1. Can you give the extra length, in nm with one decimal, that the chain gains between residue 221 and residue 233 once fully stretched, where that is 0.36 nm per residue apart less the Cα-Cα distance?
2. Connecting C-alpha atoms closer than 10 Å in a GNM of the chain, tell me which of 133, 16, 120 has the biggest fluctuation.
3. Please compute P(r) over all alpha-carbon pairs of region 104-180, binned at 10 Å starting from zero, and give each bin as a whole-number percent.
4. Over every pair of different alpha-carbon atoms in region 32-166, take the mean of 1/r and invert it; report that Kirkwood radius in Å.
5. For the chain, modelled as a Gaussian network with Cα springs under 10 Å, which listed residue fluctuates most, 15, 175, 218?
6. Could you line up 103, 117, 138 from fewest to most neighbouring Cβ atoms inside 10 Å?
7. Looking at the chain, I'd like the Rg to Rh ratio, where Rg is from alpha-carbon atoms and Rh is Kirkwood's inverse mean 1/r.
8. By DSSP, what percent of the beta bridges with both residues in region 81-168 are antiparallel, rounded to the nearest 5?
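A short reminder: the numbers here are calculations on the coordinates, not readings from a lab. Worth saying up front: this structure is predicted, and the values here are computed from it rather than measured. In this analysis, Cβ positions are derived from the backbone assuming ideal geometry, glycine residues included, and neighbour counts consider all displayed protein chains.
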Ligand code: COA
């Protein structure tokens, strides 16, 4: 059995829970077992009064390559209680402030999870992408709703239909991130901002976040469920099978017959 205990590091200090994606050999791609650990960490942060803010970070060279493709092929998330959906529900409804620090590639859920964070700091090497169509899939994490709301429809359509990466400057212009810093400084900045938040009254932070998110909450939950059903079904279909097999075989996918 694979030991995943170091793939997600969780550390709490001075009111801040820091969750680190730490599977560098696989570019911080995320398996079902890792989604379970992420969901457990958020659940514990939610219920622990000692946690007043959360930081999600990767390495200064890579945030996340998104879902682990082999794991997805072997264990597709077929039902709403699948670990990836459990994590996304926990993240989207998380009541305390969440800060993300993003450097290097942030692929798929590496980008869509940011739509649910309150503050996002990026290294100048950050490259965001939502290549769901290129993988024979559809958006997840309510990104089919939130991306258009944040960036406007034309830019969301470009990001979601073409699925090409966009860099930190574009992400800043779109409103996806708060600030760009040298990669070696991103995690430290996220930590400083989290400590500032942790020193504020938690009841005010939570009520402010609840009020700011209230208008979207119902739509986000509804869209996430609908996307999840389509995503789970499409994972089993020929286009996704071809895209994922091509990735494993290190070749370009051939969708000409699909
Ligand atoms: N799932 C499983 N393995 C992955 C992975 C993923 N999402 N992303 C990368 N890896 C593996 C590679 O297969 C490679 O394994 P190998 O050393 O056995 O050949 C290793 O991680 C290093 O990846 P590599 O592609 O060589 O690194 P890179 O620095 O050239 O590129 C990325 C980094 C993230 C841009 C590139 O790996 C990538 O595009 N990954 C796929 C992203 C994706 O489509 N995610 C799914 C979203 S739903």
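1. Working: separation 12, 0.36 × 12 = 4.32 nm, distance 1.86 nm.
Taking 0.36 nm per residue and subtracting the Cα distance, the gain is 2.5 nm.
2. 133
3. Once binned at 10 Å, the Cα pair distances of region 104-180 give 21, 61, 18, 0.
4. 15.4
5. 218
6. Numbers: 103 27, 117 23, 138 19.
Least crowded to most crowded, the residues run 138, 117, 103.
7. 0.95
8. 20
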